[in-house]
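What follows is a single structure, written as structure tokens, with notes after it.
The values are calculated or read from the model by the stated rules, or taken from the named source; none is laboratory data. Quick caveat: nothing in here was measured; it's all calculated off a predicted structure. Positions of Cβ are generated from backbone atoms using ideal geometry, with glycine treated the same way; all protein chains shown enter the neighbour counts.
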């Protein structure tokens, strides 16, 4: 009986760990998509003549930092 409970506990722990990893992936994707939207808005404003090139550069750097931390896979999907 103890072996069964140990296996069940181990499976539950594994499930929690996998769930946390998936949640972290989804949060990284959402953050990456938000950064891309900000970059697009800054670039669009710059092209229209009422944006600041520094804002575009900062947005690009934020995207690059996010990719360095989470990989470029977080920008897909």
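Inspect all residues belonging to the range 21-41 and state whether any of them is assigned to a helix (DSSP H, G or I), buried (at least 16 other Cβ atoms within 10 Å of the Cβ) and more than 11 Å from the chain's Cα centre (by Cα).
Yes, that holds for at least one residue.
If I go through the range 42-52 residue by residue, how many of them are part of a helix (DSSP H, G or I) and in contact with a helix residue (DSSP H, G or I) (Cβ under 7 Å, 6 or more places away or on another chain)? Reasoning before the result, please.
Keep residues of the range 42-52 that are part of a helix (DSSP H, G or I), which gives 42-48.
Still in the list and also in contact with a helix residue (DSSP H, G or I) (Cβ under 7 Å, 6 or more places away or on another chain): 42-43, 46.
Qualifying residue count for the region: 3.
Do we find that residue 13 is modelled with pLDDT under 95, under 21 Å from residue 76 (Cβ atoms) and assigned to a helix (DSSP H, G or I) in this structure?
Details: modelled with pLDDT under 95: yes; under 21 Å from residue 76 (Cβ atoms): no; assigned to a helix (DSSP H, G or I): yes.
Answer is no for this residue.
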